[in-house]
1. Among Leu135, Pro107, Gln82, pick out the residue whose Cα is farthest towards the positive end of the charge dipole of segment 65-175, where Lys and Arg carry +1 and Asp and Glu carry -1 on C-beta, about the Cα centre.
2. As a check on your grasp of the helix formula, calculate [θ] at 222 nm for the chain: sum -39500 (n - 2.57) over DSSP H runs of n ≥ 4, divide by the residue count, round to the nearest 500.
3. With each pseudo-label sitting 7 Å past Cα toward Cβ, what's the Leu155-Val22 distance in nm, one decimal?
4. Provide the packing ranking of 76-86, 50-60, 17-27, i.e. peptides ordered by the mean count of other C-beta atoms within 10 Å per residue, highest first.
5. Match the structure shown to one of the listed values [x] 10.0; [y] 16.2; [z] 10.8 of mean projected area of the Cα convex hull in nm², computed from it, and give that label.
6. With springs connecting C-alpha atoms under 10 Å apart, model the chain as a Gaussian network and identify which of Lys96, Lys164, Lys112 has the largest mean-square fluctuation.
7. Looking at this model, which pairs from Lys112/Lys164; Lys112/Lys134; Lys86/Lys112; Lys62/Lys123; Lys62/Lys86; Lys23/Lys62 are more than 23 angstrom apart at the alpha-carbon?
8. What's the extension gain from Ser92 to Glu54 if we count 0.36 nm per residue and subtract their Cα-Cα distance?
Amino acid sequence: LIKPLKTLMQGVDAIRDRDFNVKFVPTGKHEVDQLIGVYNEMIDHLRTERTLQEQQHFFLEKLIYTSPTGIIILDYDSNIRQINPKAMQILSIDEKSLIGRPVDELPGYFLKYIRDIRHGESKIIKLDGAATYKLQRAHFIDRGFSRDFIMIEELTAEILAAEKNVYGKVIRIMA
């Protein structure tokens with residue numbers, strides 16, 4: 001009984017260390033083998049879940065990185081945790097000058113709008129008389145806690161296309 005108990009304690013330590021590769025071989029003792037069977041099934045399930053979670057995380061990271069929308073992800077304390085290339089391009093700022101900084105302390109005119117937007121709010125802003133952006137702040141759940149993110153969507157091309165269509169309709173009507 002001491003040896004199987006020691007073996008199971010090794011399993012508990014492996015779970016505590018998040019090592020889901022440790023499995024046990026049945027001992028030939030019915031009760032202990034039942035415990036080992038349950039442990040091995042649980043380890044297989046945890047390993048599968050971890051793999052799926054890592055795959056989803058990798059996919060979401062790729063989506064964020066390649067998104068045509070600027071995305072700024074905040075940590076639990078509203079510090080900037082991540083910023084994608086499109087957001088850096090729109091803001092004309094490098095990642096190193098933003099990562100770890102509180103969103104409330106962002107410098108600059110454009111960043112003032114990002115700083116002032118509240119959860120669930122959406123704003124349309126126009127800069128320099130030409131460029132138009134939609135800012136939106138929302139949240140997602142990460143490990144049971146709510147985290148905010150800010151999306152920056154460039155609307156200038158869409159607005160110009162819509163205006164062109166309207167002018168085309170007006171010209172056709174007048175003709």
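The values are calculated or read from the model by the stated rules, or taken from the named source; none is laboratory data. Keep in mind it's a predicted model, so treat the numbers as computed, not measured. Here Cβ is always computed from backbone atoms with ideal geometry, including for glycine, and neighbour counts include all displayed protein chains. These area figures cover heavy atoms from the full protein model, side chains too; ligands, DNA and RNA do not enter into them. Shrake-Rupley method; radii C 1.70, N 1.55, O 1.52, S 1.80 Å.
1. Of the options given, the answer is Leu135.
2. It lands at -16500 deg cm²/dmol.
3. Output for this residue pair reads 5.6 nm.
4. 76-86, 17-27, 50-60
5. The value matching this structure is [y].
6. Evaluated over the chain, the most mobile residue of the options is Lys164.
7. Lys112/Lys164; Lys62/Lys123; Lys23/Lys62
8. Details: separation 38, 0.36 × 38 = 13.68 nm, distance 3.14 nm.
Here the answer is 10.5 nm.
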